[in-house]
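The values are calculated or read from the model by the stated rules, or taken from the named source; none is laboratory data. Computed from a predicted model, the values in this text were never measured in an experiment. Glycine also receives a Cβ, built like all others from the backbone with ideal geometry; neighbour counts cover every protein chain displayed.
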Amino acid sequence: MLGLKIAAVFFMSAAIGVLYRVPRRLLFYDGMVGVLSWLVVYTTLQSGGNIILADFLGSIAIGIIAELLARLLRKPATIFIIPGFIPLVPGGEAYTTIRFLVEGRYAEGVAMGMKTLMIGGAIAFGIFVSSTVYRLVINYNVENSTEHVRKN
């Protein structure tokens, strides 16, 4: 069953890459970014973490993997970020929020809406943090290596 879920996540991420016109030779990487981020979320949930922490850790994985692939393949990181975070989007929670509100269950709707917003914020913040830290580390290493060259 887990293999079927992994295959579904792979094809979903690759399909989003097709939708956003990612070059055909990069679709495999898009699918793998989606699978790896989803596996981080799945593992975190299986080990007792909550969905907000799981999506935050999954989005950190997306940011790091996307930046690494961007450097290796000399492509923009967004080519890997957008298809990678689609499996983490809280679509089911958003649907449930609207359903609760339509049914008149306002307290449950507001609670689910806050959960949905927190998940979305965790995804955005995780990608921001990982991309920023990665770029700071790379720039720091580049500056140190150029200073070393200047001294010699």
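Within region 29-49, the only residue that satisfies the criterion of being closer than 18 Å to residue 133 by Cβ and free of Cβ contacts under 8 Å to residues at least 24 places away in the same chain is 40. Please verify whether residue 9 is out of contact with any Leu (no Cβ under 9 Å at 6 or more places or on another chain) and crowded, with 20+ Cβ neighbours inside 10 Å, treating the condition exactly as stated. Answer is no for this residue. Quick check, is residue 52 surrounded by fewer than 18 Cβ atoms within 10 Å (Cβ to Cβ), part of a helix (DSSP H, G or I), of a type outside the set (Lys, Arg) and in contact (Cβ under 8 Å) with a residue 40 or more places away in the chain? The answer is yes for residue 52.
Of all residues in region 92-105, those satisfying the criterion of being surrounded by 11 or more Cβ atoms within 10 Å (Cβ to Cβ) and more than 28 Å from the chain's Cα centre (by Cα) are 101, 105. Residue under question is residue 124, and the condition is that it be at pLDDT 90 or above and within 24 Å of residue 40 (Cα to Cα); does it hold? The answer is yes for residue 124. Within region 51-87, the set of residues being polar (S, T, N, Q) and at pLDDT below 95 comprises just one member, 78. Can you say whether residue 117 is under 21 Å from residue 28 (Cβ atoms), under 20 Å from the mean Cα position of the chain (by Cα) and in a helix (DSSP H, G or I), as far as the supplied structure shows? Taking the combined requirement at face value, the residue does not satisfy it. Scanning region 1-37 for residues that are of a type in the set (A, V, I, L, M) and part of a loop (DSSP other than H, G, I, E, B) gives 1, 22. Residue count for region 87-108 satisfying the condition of being assigned to a helix (DSSP H, G or I) and either under 19 Å from residue 50 (Cα atoms) or charged (D, E, K, R) (or both): 10.
Taking every residue in region 56-80 that is in a helix (DSSP H, G or I) and pairing it with any residue that is hydroxyl-bearing (Ser, Thr, Tyr) and modelled with pLDDT under 95, at least 6 positions away or on another chain, the pairs with Cβ-Cβ distances below 7 Å are 60/130; 63/130; 63/131; 63/134; 64/130; 64/134; 67/131; 67/134. For residue 40, state whether it is out of contact with any Leu (no Cβ under 6 Å at 6 or more places or on another chain) and at pLDDT 95 or above. Judged against the criteria, residue 40 is not a match.
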